[in-house]
Amino acid sequence: MSQVKRAKNGRPVHHWRRDLVELAALFTAVAVADAVANLIGHGPDGSTLLLISAVVLVATAGFHTWWSHRHGHAPPAGDTGSRPTATVRTAGTSEADATAPEAVGVAVAGETVLWRMRTTVRDEPGSLASLCAALAGQRVDILSLQTHPLTEGTVDEFLLRVPAQVSAADIIRAVSHAGGAGTWIERADAHDLVDAPTRVLGLATRTALDAAELPLALRQLLGRCTIRSLPAGSLRGDRADEAAPVEGALEDTVMRLRAPEGGVITVERPYLPFTPTEFARARALVELDARLGPRIPHSKDVLTLPQGNDITVRRADAGDVDAAKAMHERCSPRTLSMRYHGPVGDADKYLNHLLSPRFGRTLAVQTASGRIVGLGHLLWDGDETEIALLVEDDWQRRGIGSELLGRLVAMAVEAGCESVYAVTQSSNTGMVAAMRGLDLPLDYQIEEGTLVITARLDAAAVSSRLSYDEAQQHQPEHSVRD
């Protein structure tokens with residue numbers, strides 16, 4: 001077959017000289033074949049000559065095979081050199097998906113782990129491409145990418161799937177050689193696979209349903225951080241405006257946001273500076289909380305005590321302050337002292353703080369007549385969580401404290417708390433017994449008669465207990481455990 005090329009105008013160009021050469025070669029081959037056939041068919045040694053020709057051809061084929069294996073130029077069968085391109089989800093404020101041709105990834109085989117990584121690169125063309133190429137060299141698969149533009153440089157936050165044999169130090173070293181600076185990396189889990197807009201919308205929904213969710217939502221949005229709520233009365237003079245202006249303030253690893261009631265919400269994350277994008281998201285959650293005002297779920301759960309009395313467990317808020325003060329008046333000084341660890345006369349002063357959804361969640365136990373006889377508090381204490389109980393004297397030893405404690409621990413598990421602690425006196429055997437009844441690992445610390453019991457939460461240990469909001473839907477009436 002003659003080879004055909006096309007001119008620049010697209011029409012084929014024929015080479016007649018090459019056609020003549022090929023035709024001449026064909027005639028020559030036919031003439032040689034005819035001569036060989038005559039020699040073999042009519043000559044006296046035709047059969048011997050044919051056998052010798054066959055042996056020579058077989059030897060030639062064997063030699064060619066040996067030479068090809070010894071000096072072959074083809075790539076090894078196990079590695080063709082082909083690599084699939086990696087799909088990178090790029091995101092700024094819009095967080096749209098895109099495919100980066102320059103980011104060449106490697107299909108990860110075997111065991112892998114998830115990592116979250118943040119690094120700063122120069123704001124110039126090719127910086128991200130170099131970073132992606134460096135990760136590809138470590139056989140790292142980029143699952144998602146968010147970019148946070150700054151005045152100098154750009155902070156890129158990655159979710160990576162990494163071969164188990166590649167360490168964090170290997171990744172940091174590769175990123176550093178590619179121009180990344182200030183690199184931070186930590187292990188991730190399946191929850192990080194949810195994209196940022198979906199996660200923020202979910203947190204906003206939780207905050208809209210319950211004001212007590214705001215600190216938890218901020219913590220899940222920003223990662224490991226310490227959140228403190230300071231009431232306006234604790235700030236002097238103009239310091240409230242300086243600490244948290246209306247639009248909030250961002251200072252590297254600290255952000256200050258104006259709380260709805262005029263106080264200040266301080267968020268600290270010493271190990272990693274906040275980005276303007278994170279600050280804007282946190283401020284939007286606080287503004288949503290302020291617009292919606294005080295709110296708690298209004299579901300109730302009716303329980304039957306072993307003695308036959310019906311009680312109701314429900315969420316409490318600042319509207320229950322007067323009823324809680326009336327319960328204080330019916331409690332003995334010893335009961336109040338064990339709960340508040342201070343002068344009995346100051347007990348009422350704590351109620352506004354304890355019943356505010358800004359600082360945690362409170363469950364109230366109410367009799368059929370509407371009187372509150374027990375309170376259980378789950379308090380956000382910075383990056384820790386405290387549990388506290390108070391049951392009126394005449395209603396003690398009926399299982400109310402254990403019921404409240406179990407429900408508060410279930411709330412803490414749902415909120416993602418790693419542990420809860422209770423501060424009481426060593427002589428408070430009822431509280432000690434209730435904590436032991438949780439069937440959780442406990443740590444004890446005692447100093448000058450004050451006992452701190454810390455329970456390390458295990459979701460499996462309390463998973464059989466329904467959450468407070470789900471309880472009435474599944475079992476509207478049941479008995480309190482002894």
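The values are calculated or read from the model by the stated rules, or taken from the named source; none is laboratory data. None of these values were measured; they are calculated from a predicted model. Note that we place each Cβ from the backbone using ideal geometry, even for glycine, and neighbour counts take in every protein chain shown. Accessible surface areas use protein heavy atoms only, side chains included; no ligands, DNA or RNA. Shrake-Rupley method; radii C 1.70, N 1.55, O 1.52, S 1.80 Å.
Ranking of 271, 444, 340 by solvent-accessible surface, largest first: 444, 271, 340 (1.4 Å probe, protein heavy atoms only, all chains present). Here the gap between residue 169 and residue 396, fully extended at 0.36 nm per residue and compared with their Cα-Cα distance, gives a gain of 76.1 nm.
In the context of the full protein assembly, residue 393 retains an accessible surface of approximately 50 Å², using a probe radius of 1.4 Å and ignoring ligands and nucleic acids.
Figure the gain on full extension for residue 152 and residue 433 (residue separation times 0.36 nm, minus the Cα-Cα span) and round it to one decimal in nm.
Full extension of this stretch gives 95.4 nm more.
Applying 1/(1 + (r/R0)^6) with R0 = 35 Å to the Cβ-Cβ distance of residue 346 and residue 246 gives a FRET efficiency near 0.55. Counting only protein heavy atoms and a probe of 1.4 Å, the accessible surface of the stretch 320-383 is 48% carbon and sulfur.
Fully extending the segment from residue 353 to residue 454, taken as 0.36 nm per residue of separation minus the present Cα-Cα distance, adds 34.1 nm. For q = 0.26 Å⁻¹, what log10 I(q)/I(0) does the stretch 153-237 give under the Debye formula with an equal point scatterer on each alpha carbon and no solvent? Reported log10 I(q)/I(0), two decimals: -1.32. Once both labels are positioned 7 Å from their Cα atoms along Cα-to-Cβ, the gap between residue 304 and residue 187 label points is 4.7 nm.
Label-to-label distance for residue 287 and residue 209 is 2.5 nm, based on points extended 7 Å past Cα in the beta-carbon direction.
What the Cβ-Cβ distance of residue 226 and residue 24 gives, at R0 = 56 Å and to the nearest 0.05, is a FRET efficiency of 0.05.
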